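A short reminder: the numbers here are calculations on the coordinates, not readings from a lab. No experiment lies behind these values; they were computed from the predicted model shown. Every residue, glycine as well, gets a Cβ built from its backbone with ideal geometry; the counts of neighbours run over all protein chains shown.
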Amino acid sequence: MQLNLIKGIVAIALLVLTILLSGELFPKIAPVPLSLLLCSGIVGIGLGDTAFFATINTIGARRALLMGTLAPPIAAIASEIFLQEQLNLSAWYGILLTIAGVAWVVTERTPDLGDRMTTHLGRGIGLGVLTAITNATGTVFSRAAFADTNISPLWAALLRLSAGVLILLIWTSFLGRQNRILLCPEWKSSQVIFGIFFAAFCGTYLGIWLQQTALKFTTAGVASTLLQTSPVFIIPIAMWLGEKITWRAIAGVGMAIAGTGLLFYFK
């Protein structure tokens, strides 16, 4: 909750600065699409990202990322039911192949937390499923909002993030943890401050902005699947750091790329 709130505040400041520099005026948006974007932020960012960080703390990054691959099929099924966004058979093959490739890469990773993950495995799986459901729900809400309005992805990102941060402020206020979160001793560490600001810039500011751009121009199922390919990009970073990369990891990357190719050409 602490990490999610601080990252959100930093990213909101960056989005506001970007909007001021770009000169984009507040768009005319009907109450229904506006409500959908705000609900998307509350569910996907306020609840979903908090659950994701809790999943990492409980069962480690490897399994948390693996649980995230459940989001694309949930989003695709929900968008078919509620948005009538039909995906043909080739697109479904692409989704499944992408998920399989990402899962194969992620499951090869050595657990970082040892026995503690096994002890809390049930709780971690529950949090991971909650993360997947909330992320998929937020994705579908955003896509539904874009279907009924011409709002730019930049403003959509700001509205979603503002709603997510607002619900976190209310949540922490209700729990009586505002002082603990905003005035914690960890803020004295320059390493922690740098890490949070870097994560806020890359993962929250750029990440949510680009996410909304993807949702504006493609279906919820396709966008959600592409968002789950992030673990495969760890491979070149690991090689640069001197880590040994196995044939399984390379094969998983190939499967994910082939799956995204099916999505692009046969959606």
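Between Arg143, Arg63, Arg160, find the one with the highest GNM mean-square fluctuation for the chain; connect C-alpha pairs within less than 10 Å.
Arg63
So what's the back-of-envelope 222 nm ellipticity for the chain, counting only DSSP H runs of four-plus at -39500 (n - 2.57) apiece and dividing by all residues, rounded to 500? List each step's numbers first, then the result.
Values: 14 runs with 197 residues, N = 267.
So the helix-based figure for the chain works out to -24000 deg cm²/dmol.
For the chain, with a Gaussian network of springs between Cα atoms less than 10 Å apart, report the residue from Gln212, Gln86, Gln228 with the top mean-square fluctuation.
Gln86
If each residue's Cβ is checked for other Cβ atoms within 10 Å, how do Met255, Met239 rank with the fewest at the top?
Numbers: Met255 21, Met239 12.
Listed from fewest to most nearby Cβ atoms, that is Met239, Met255.
To the nearest whole percent, what portion of all C-alpha pairs in segment 1-59 is separated by more than 12 angstrom? Mind showing how you got there, number by number?
Working: 1275 of 1711 pairs.
Value for segment 1-59 (Cα pairs over 12 Å): 75 percent.
Taking the Cα atoms of segment 2-266, what is the range of coordinates along each of the three principal axes, in descending order and whole Å?
49, 49, 35
If you average the sequence gap of Cα pairs under 8 Å that are 6 or more apart and divide by the length of segment 2-266, what percent do you get for the contact order? Walk me through the intermediate numbers first.
On the way: 356 pairs, mean separation 103.9, N = 265.
Value for segment 2-266: 39 percent.
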